[in-house]
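In what follows, a structure is listed as structure tokens, so that the remarks can point back to it.
The values are calculated or read from the model by the stated rules, or taken from the named source; none is laboratory data. Just so we're clear, the structure is a prediction, and the values are computed from it rather than from any experiment. When we count neighbours, we look across all protein chains shown, and the Cβ atoms used for this are built from the backbone with ideal geometry, even at glycine. Side chains are part of the model used for accessible areas, which takes the heavy atoms of the whole protein and leaves out ligands, DNA and RNA. Shrake-Rupley method; radii C 1.70, N 1.55, O 1.52, S 1.80 Å.
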Amino acid sequence: MVGGILTFYSFESHIEIAQAKEQEKLLHHICQKIENGVPYEKLVREQLHIAEIPYNSPVKKVTLSDTLAWSPQLQRIDRQIKASASYKINGHHYDISVYNMMINTDDVTKVVFESMAGIFLLLIVLLWVFIRLGSERILAPFHNTLDEIHRFSLKNKQAIHLPETSINEFNRLNHFLEKMMNKAICDYNSLKEFSENASHELQTPLAIIQGKLELLMQSPISDEQAGLILSSLNALDKLNKTNQSLILLTKLENQEYESIEEINFSQLVNETLEGFEELLEMKSITLQKQIEPHISLRLHPVLASILLNNLFSNAIRHNICNGTISVTLTPKKLYIENTGKAPSMPTEELFRRFKKENPDSIGLGLSIVKQICELHFFEITYKYIDYRHAFVVCFKNAKTQKEAEYMEVASS
């Protein structure tokens, strides 16, 4: 818009200057004809006026002005430019005035608009060509960096090397990413080594302590001593389970379970429920199940068993005597509902580590369930309605883009 306004006034100014010069040339041309002996009466016409004035009158210089005059072409009075001057020729003094049509403002506006519209369209075309061709070349290093980041995996333990580019900003980005990823690999290896060593080193003393306590239980001891030993064994068993659960959570967070395969989830649910039959009978819990057959899901077999065992054991642990458990499996979700007391903590904290209501629990079961669901892009939710706890696992990973990306990273 600014360019159009500037162009308009520039056009108008240049046109007026050009017309003024033409009018001055025309005045000089008429003077030459009169000097050559042509009677001035024969030169007079519609847009040329010549009048003889007293010789002693002062000579007028060329003056330009806008005026209204009759236009023979348009047959109407129109805006015209007037150039007038007086000349002393051959002993006579003549006052000469010439008129010419001025360019209409609308005509200038039309010309400016057409030229600016053409330039604007040309700029759009050039911009589109630049975006299509130029940006691909300019952003090629950035896309290469994104591809390298997408293929990067901590489990490969390979340092990333990004190529140098001709763009300083991309080089700075690549150097920062290389430094950050190499640091992440070092931290990951250190943490993994520490976790493995800590787990390995804990297993031996735990086993020794458990063996010593069991031997003490078999020796002649008092009832009070037996109670203390039994309490120690229970605490030791809880410590061992906590150690194993933390190791499992670490592996889940580091995505070390890669062998995802198609499994018969319906069969696995039935087999897992059969393993809890004795425990259900001990607590007089009624099991109601609706399991659709031949439901297949893509997930790690071991993690699938851990997921079901934790959910079913949680439903039994937090149930009441003579209570009920309802298990429903469809191609879209797994629904587990059980009777029980209302939770004493906010429901949004149930999936956090070491959040527990039962003192006999280690508080990691639901955290492991949450991690397994996130690893396979499942969605798990919890609700408590009418004295019944309900866990719903929605299977959204079957054909989603997220799983495809995960599989691609895992396979690389």
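Every condition in (1) at positive phi; (2) modelled with pLDDT of 75 or more; (3) among the polar types (S, T, N, Q) holds for residue 219 except the one numbered (1).
Check whether at least one residue in segment 349-356 is outside any loop (DSSP other than H, G, I, E, B), at pLDDT below 80, open to solvent by less than 60 Å² (accessible area, probe 1.4 Å) and farther than 17 Å from residue 272 by Cα, and report yes or no. Scanning segment 349-356, I find at least one residue that is outside any loop (DSSP other than H, G, I, E, B), at pLDDT below 80, open to solvent by less than 60 Å² (accessible area, probe 1.4 Å) and farther than 17 Å from residue 272 by Cα, so the answer is yes. Within segment 24-42, the set of residues being modelled with pLDDT under 80 and surrounded by 15 or more Cβ atoms within 10 Å (Cβ to Cβ) comprises 40 only. Evaluated against (1) loosely packed, with under 11 Cβ neighbours inside 10 Å; (2) within 60 Å of the chain's Cα centre (by Cα), residue 7 falls short on exactly one condition, (1).
Among the residues of segment 375-412, the one identified as open to solvent by less than 40 Å² (accessible area, probe 1.4 Å), at pLDDT below 80 and either over 25 Å from the mean Cα position of the chain (by Cα) or of a type in the set (S, T, N, Q) (or both) is 397. Can you name the number of the only condition in (1) polar (S, T, N, Q); (2) out of contact with any strand residue (DSSP E or B) (no Cβ under 7 Å at 6 or more places or on another chain); (3) at pLDDT 85 or above that residue 75 fails? If we test residue 75 against (1) polar (S, T, N, Q); (2) out of contact with any strand residue (DSSP E or B) (no Cβ under 7 Å at 6 or more places or on another chain); (3) at pLDDT 85 or above, just (3) comes out false.
Candidates 81, 15: the one that is part of a helix (DSSP H, G or I), under 30 Å from residue 2 (Cα atoms), modelled with pLDDT under 85 and among the β-branched types (Val, Ile, Thr) is 15. Inside segment 156-194, residues that are open to solvent by 50 Å² or more (accessible area, probe 1.4 Å), among the basic types (Lys, Arg) and either free of Cβ contacts under 8 Å to residues at least 24 places away in the same chain or assigned to a helix (DSSP H, G or I) (or both) make up a count of 3.
Taken over segment 43-62, the residue count meeting the criterion of being assigned to a strand (DSSP E or B) and at pLDDT 75 or above is 6. The listed residues are 340, 363, and the only one of them that is modelled with pLDDT of 85 or more, within 17 Å of residue 316 (Cβ to Cβ) and small (Gly, Ala, Ser) turns out to be 340. If I ask for residues that are among the aromatic types (Phe, Trp, Tyr) and either touching a Cys at 6+ places or on another chain (Cβ under 7 Å) or part of a loop (DSSP other than H, G, I, E, B) (or both), which ones from segment 297-322 would you list? If the condition is that a residue be among the aromatic types (Phe, Trp, Tyr) and either touching a Cys at 6+ places or on another chain (Cβ under 7 Å) or part of a loop (DSSP other than H, G, I, E, B) (or both), then no residue fits.
Rundown of residues vs (1) over 20 Å from residue 376 (Cα atoms); (2) aliphatic (A, V, I, L, M); (3) surrounded by fewer than 17 Cβ atoms within 10 Å (Cβ to Cβ); (4) touching a strand residue (DSSP E or B) at 6+ places or on another chain (Cβ under 6 Å), yes/no style:
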site	(1), (2), (3), (4)
282	yes, yes, yes, no
286	yes, no, yes, yes
289	yes, no, yes, yes
297	no, yes, no, no
302	no, yes, yes, no
308	no, yes, no, no
313	yes, no, yes, no
